[in-house]
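Everything below concerns the one structure shown next.
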Amino acid sequence: MTRYLICSDIHGRKELFDRIIDVEKDLSAVIVAGDLELDISELTDIVMRKNRSGCSVYAVAGNCDAYRPSKVKLREVLVFDIGKDHRAFLTHGHRYGAREDLMSYAALENNCNIVIFGHTHCFCEEEQFGTLFLNPGALKAGSYMILEEDEGHLKVYHKRI
Ligand SMILES: [Mn+2]
């Protein structure tokens, strides 16, 4: 079984990111859907410091990251596999007005059946247009998500800190 921590819209609240990395164990990856308002190295340092050496960090830029860009420039979209049967399209969502129809077109063009986004600060887990939409809500407000993948089956948990 593979476990992913998904968060978004941290808006500089590094201490909240630190706390969820303390609480959540056995993570394969940490996925951040934009509006960090932190340097990406500050997040990867926390993940490394807590001995999560096998844990990857995927992060994209949000609209608010334009004011305080990471030293290592973040991309606006990342595409990666979730197990053998799923592929995720990670975006902050502001370029699409967080519209599910527009994001699903972009995901389909990239062979993805999952869209992970942020921007709205609202938790979302729903299937539309053959695409699974996941939004962890704003970590700034204590909301995040755990996604588990086991032989093609996905389970989503809404968590709060
Ligand atoms: Mn935001």
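Read-outs throughout are calculated quantities, based only on the coordinates presented, and are distinct from any laboratory measurement. If you're wondering where the values come from, they're calculated on a predicted model, not measured in any experiment. Heads up, the Cβs are rebuilt from the backbone with ideal geometry, glycines too, and the neighbour counts pull from every protein chain shown.
Summary of values
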{"read-out": "Failed item, numbered, when Gly54 is tested on (1) part of a loop (DSSP other than H, G, I, E, B); (2) within 16 Å of the ligand (Cβ to nearest atom)", "value": "(2)"}
{"read-out": "Restricting the stretch 84-105 to residues that are buried (at least 16 other Cβ atoms within 10 Å of the Cβ) and among the small types (Gly, Ala, Ser), the residue that is nearest to Val156 (Cα to Cα)", "value": "Ala88"}
{"read-out": "Residue count, the stretch 62-77 (criterion: among the acidic types (Asp, Glu) and either outside any helix (DSSP H, G or I) or farther than 17 Å from Arg95 by Cβ (or both))", "value": "1"}
{"read-out": "Count - residues of the stretch 78-123 that are under 24 Å from Asp65 (Cβ atoms), touching a residue at least 40 places away in the same chain (Cβ under 8 Å) and part of a loop (DSSP other than H, G, I, E, B)", "value": "6"}
{"read-out": "Cβ-Cβ under 9 Å pairs, at least 6 apart or on other chains, the stretch 16-36 side farther than 25 Å from Asp81 by Cβ, far side outside any loop (DSSP other than H, G, I, E, B) and within 16 Å of the ligand (Cβ to nearest atom)", "value": "Leu16/Cys7; Leu16/Leu139; Leu16/Lys140; Leu16/Tyr144"}
